[in-house]
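Every number in this text was worked out from the coordinates using simple rules, so none of it is lab data. Computed from a predicted model, the values in this text were never measured in an experiment. Cβ coordinates were reconstructed from backbone atoms using ideal geometry, including for glycine residues, and neighbour counts include every protein chain displayed.
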Amino acid sequence: MYDPKSLKAEEFIDHQEVLDSLAWADAHKDDKETIQAVLDKARLHKGLSHREASLLLACDDPDVNEQIYKLAKEIKQAYYGNRIVLFAPLYLSNYCVNGCVYCPYHYKNKHIPRIKLTQEQIAKEVTALQDMGHKRLAIETGEDPVNNPIEYILDSIKTIYSVKHKNGAIRRVNVNIAATTVENYRKLKEAGIGTYILFQETYHKESYEQLHPTGPKHNYAYHTEAMDRAMEGGIDDVGLGVLFGLELYRYEFAALLMHAEHLEAVHGVGPHTISFPRIKHADDIDPNAFDNSISDEIFLKIIACARVAVPYTGMIISTREGADVRAKALELGISQISGASRTSVGGYCEPERDDSSAQFDVSDKRTLDEVICWLMKLGFVPSFCTACYREGRTGDRFMSLCKSNQILNCCHPNALMTLKEFLEDYASPVTKLIGNELIKREIPTIPNEKIRAFVEKNLAKIEQGERDFRI
Ligand code: SAM
């Protein structure tokens, strides 16, 4: 029976509730009155339920779609402004004991080189990432209790935070590792991680079990209940995601929102982020073998409907997508992107190597400087800010900042100061020129006079070589 407050996966992601929601959406998708009522509710910028958002996703009236896109842009602007946060993935090890059929790290794949970085190699990767200008990483590993135990992850986090090269620093390490125990989540929390990210892959239990035929990841309930254990272990910020292409997108969308509602109902705070990956070609993985792939148009509509449904949640898109789709997705609600990513283990130091240890092919292959310049030309303010979690603004404290529209007095100044650091330390002359102009234009938009003066003073200090200012 459906119960968002239950701690049992099959009750908070109740299969029948997903099916009933989709049936309700189908039954009302041409009913103008119901659609109008949902759009009116969405205009309050307070979000929608999984059923209501599923109705918008099901609706194929071009006028309604236009209204959804307009609303998504409006909501993005209201809560996130024009800032886009940058990060990079760091693959530590591709040893894996699971049999996920869409991932080239599956244990039966005998021809990819298995690599596990030593702490010295991690320090070199981090140095290379710092030299690009990155401040925020997401670490990634396969699941292998022998090769990648929690102690290895904890040591790696310590190494990453300890590397201080020139003016570089990694100030936030997010972690994307397999579902684990409350005790291990507590250790991750103590190690100072930012967000714990775990993609559900698919919420459809039967498909999940077929797509994960062997290994610990086969256990649907253990995987689906991971975020509850993470929160029990003290991690406030968790990141959800579905790997689009595995199952029917409308099913995944409704269930993803049910998961968000469950976290809110049980822990009083929804997901910090939702990622939107689509399945890609990789080594022995052919994306065409999965028959639920979605078009760019549907993908963008999913993003817009999610923005409307969960206004306060950060939304992430990776370099799995090319520049065109990323540009459209940014308009419709994405607030974080990766840049200059390597998806192979050790790929930042040895980019020339045959990429057969890559987890998936990257579509956006531009350098970080190119991505930053492109974002600014599109009218966005690239941000390397990591202030919130360093100031203890996690979980519901971050959400209340977002809900009270304090972003212009807090996140926006931090974005400008961290962008300035990038321009001083890593940017090409053109990017630096465009960036400095942009900062000049953006300063007057900081509403609070004292904060404006604080930022101006610090921008001058950054030019003189000082670093790491934040509000
Ligand atoms: N191994 C960890 C786990 O079990 O959750 C997570 C790390 S994995 C390196 C990161 C994510 O990459 C996976 O959760 C999956 O959604 C995604 N992924 C795997 N194969 C992919 C493919 N062929 N194309 C796109 N994304 C893929």
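Entry for the range 249-336 at q = 0.16 Å⁻¹: log10 I(q)/I(0) = -0.68, Debye formula applied to identical alpha-carbon scatterers, no solvent contribution. Cut-off 17 Å, label point 7 angstrom out along Cα-to-Cβ of residue 155: give me the residues of the range 98-120 whose amide nitrogen falls inside. Under cut-off, by backbone N: 115-120. Annotation for the range 329-435: GluC sites (Glu not before Pro) lying in DSSP loop with at most 16 further Cβ atoms inside 10 Å of their Cβ are 352, 391. The sum of -39500 (n - 2.57) across all DSSP H runs of n ≥ 4, divided by the residue count of the chain, sets its helix-only mean residue ellipticity at 222 nm to -14500 deg cm²/dmol.
Remark on the chain: 59, 96, 305, 349, 373, 385, 388, 402, 410, 411 stand apart, with no other cysteine beta carbon under 4.7 Å. Going by neighbour counts of Cβ atoms within 10 Å, the residues 441, 366, 342, 172 line up, fewest first, as 441, 366, 172, 342.
For a paramagnetic label modelled on residue 30 (point 7 Å from Cα along Cα→Cβ), amide N atoms under 18 Å away belong, within the range 37-80, to 55-65.
The order of 419, 378, 188, going from fewest to most other C-beta atoms within 10 Å of their C-beta, is 378, 188, 419. For residue 16 and residue 451, a Förster radius of 56 Å and the Cβ-Cβ distance give a FRET efficiency of 0.65, rounded to the nearest 0.05. Of the cross-linked pairs 217/365; 76/457; 420/461; 420/440, those separated by over 19 Å at the C-alpha level are 217/365; 76/457. Per q in 0.10 Å⁻¹, report the Debye log10 I(q)/I(0) for the chain, using one uniform scatterer on each alpha carbon and no solvent. These q points yield log10 I(q)/I(0) values of -0.71.
Using a cutoff of 8 angstrom between alpha carbon atoms and counting only pairs six or more residues apart, the relative contact order for the range 113-202 works out to 33 percent. What percent does the relative contact order of the range 160-288 come to when contacts are Cα pairs within less than 8 Å and at least six residues apart? Dividing the mean separation by the residue count of the range 160-288 yields 24 percent. Highest mean first, the peptides 384-390, 118-124, 425-431 sorted by other C-beta atoms within 10 Å per residue fall in the order 384-390, 425-431, 118-124. Among 100-111, 42-53, 256-267, 446-457, the peptide with the highest mean count of other Cβ atoms within 10 Å heads the list, and the full ranking is 256-267, 42-53, 100-111, 446-457.
The distance from the alpha carbon centre of the range 170-203 to that of the range 239-280 is 16 Å, rounded to a whole number.
Contact order, relative form, for the chain: 19 percent (alpha carbon pairs under 8 Å, 6 or more residues apart, mean separation divided by residue count).
In straight Cα distance, which aspartates and glutamates are under 14 Å from residue 70, not counting same-chain residues fewer than 8 positions off? Hits, sequence-local ones excluded: 40, 331.
Taking amide H atoms as placed 1.01 Å from N in the peptide plane, the amide H of residue 87 lies under 5 Å from those of 337, 338, 339, each 5 or more residues away in sequence or on another chain. In this structure, the pairs whose alpha-carbon distance is over 20 Å, taken from 73/403; 108/187; 29/301, are 108/187.
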